Amino acid sequence: MNRDKHILSAFDRDLESIQAEVIRMGGMVEAAIEEAARALETRDEELAEEVRRRDRAIDQLEVQVNESAARLIALRAPTATDLRLVLSVIKIAAALERVGDYAKNIAKRTNQLSQMPVIPGTGLALRRMAATVEGMLRDALDSYVQRDAALAADVRARDLEVDQMYNALFREFLTHMMEDPRNITACMHLHFIAKNIERMGDHATSIAEQVLYVVTGELPDDPRPKGNSVLSVDPAPGG
């Protein structure tokens, strides 16, 4: 009996260590979203380059989480419930890494946009959209730490707001392009950035769904609330 308790406590300690790595990773990704959006709005190429540079640390943390999780599974042979916790950590880390990639993509396009005409109002609108996604991500991670299914469900519902913001921006970009063909290139870059932010919201929602899986043992079976999508190209996170 004492030996079982010892094994259980060792598993708990190892899992807590991995979860701490994931939360640290989440903090880095939240900062990347905020800084990428701020660099875009202010045309701060130096800050954009810093976002790109820091993405390597986010990638390295995901590798570290995966290695730690694999080692935990091999050494502790977790039960079905405990294994669910470990697998959720791996999936959350993967979602965070992808969000970091999207922030890096925004930073890349910021450098190109800084050489182009300003499209009035779009920088602020994109920053507001990014702030909404950052809040979703923060709450999704908090819901994981607290095992708060209600907060996770709230994050999942808020993805609809992000979709609606994206659709409104898409139509705004079209208007700018039709009014002046010289805006086309800049608006295409801005559209890809908006789509990157929308995809960030999808990954924050995926994290919330993992929390619901951890807490209830089941993934949500109802479709995610989505806005009426407009025709667009989905940029790859590594692009």
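Kindly evaluate residue 205 against the criterion of being of a type in the set (S, T, N, Q), open to solvent by less than 10 Å² (accessible area, probe 1.4 Å) and either over 16 Å from residue 88 (Cβ atoms) or at pLDDT below 95 (or both). No: the conditions fail for residue 205. Considering 221, 163, the condition of being within 25 Å of residue 139 (Cα to Cα) and at pLDDT 95 or above is satisfied by 163 alone.
Counting only residues that are open to solvent by less than 10 Å² (accessible area, probe 1.4 Å) and either free of Cβ contacts under 8 Å to residues at least 12 places away in the same chain or more than 13 Å from residue 200 (Cβ to Cβ) (or both), how many does region 122-134 have?
Of all residues in region 122-134, those open to solvent by less than 10 Å² (accessible area, probe 1.4 Å) come to 122, 126, 129-130, 133.
Those still in the list that are either free of Cβ contacts under 8 Å to residues at least 12 places away in the same chain or more than 13 Å from residue 200 (Cβ to Cβ) (or both) too: 122.
Residues in region 122-134 being open to solvent by less than 10 Å² (accessible area, probe 1.4 Å) and either free of Cβ contacts under 8 Å to residues at least 12 places away in the same chain or more than 13 Å from residue 200 (Cβ to Cβ) (or both): 1 in total.
Taking region 88-121, which residues are over 24 Å from residue 206 (Cα atoms) and in contact with a helix residue (DSSP H, G or I) (Cβ under 7 Å, 6 or more places away or on another chain)? Walk me through it before giving the result.
Let us first name the residues in region 88-121 that are over 24 Å from residue 206 (Cα atoms), namely 108-121.
Selection gives 108, 109, 110, 111, 112, 113, 114, 116, 117, 119.
Being touching a residue at least 60 places away in the same chain (Cβ under 8 Å) and open to solvent by 10 Å² or more (accessible area, probe 1.4 Å) is the filter here, so list the residues in region 22-31 that pass it. Result: 23, 28, 30.
Between 183, 167, which is touching a residue at least 12 places away in the same chain (Cβ under 8 Å) and open to solvent by less than 20 Å² (accessible area, probe 1.4 Å)? Talk me through it step by step, then tell me what you get.
Values: 183 fails: open to solvent by less than 20 Å² (accessible area, probe 1.4 Å).
Within the list 183, 167, the selection yields 167.
When 101, 55, 59, 82 are checked against the criterion of being in a helix (DSSP H, G or I), charged (D, E, K, R) and modelled with pLDDT under 95, 82 stands alone in meeting it.
Criterion first (in a helix (DSSP H, G or I), open to solvent by less than 80 Å² (accessible area, probe 1.4 Å) and more than 15 Å from residue 17 (Cβ to Cβ)) does residue 65 satisfy it? Working first, answer last.
Working: in a helix (DSSP H, G or I): yes; open to solvent by less than 80 Å² (accessible area, probe 1.4 Å): yes; more than 15 Å from residue 17 (Cβ to Cβ): no.
Spelling it out, it is not the case that residue 65 is in a helix (DSSP H, G or I), open to solvent by less than 80 Å² (accessible area, probe 1.4 Å) and more than 15 Å from residue 17 (Cβ to Cβ).
The values are calculated or read from the model by the stated rules, or taken from the named source; none is laboratory data. It should be emphasised that the depicted structure is a prediction, and the values quoted were computed from it without experimental measurement. As a convention, Cβ positions derive from the backbone with ideal geometry for all residues, glycine included, and neighbour counts pool all protein chains shown. Areas reflect the complete protein model, heavy atoms only, side chains present, ligands, DNA and RNA absent. Shrake-Rupley method; radii C 1.70, N 1.55, O 1.52, S 1.80 Å.
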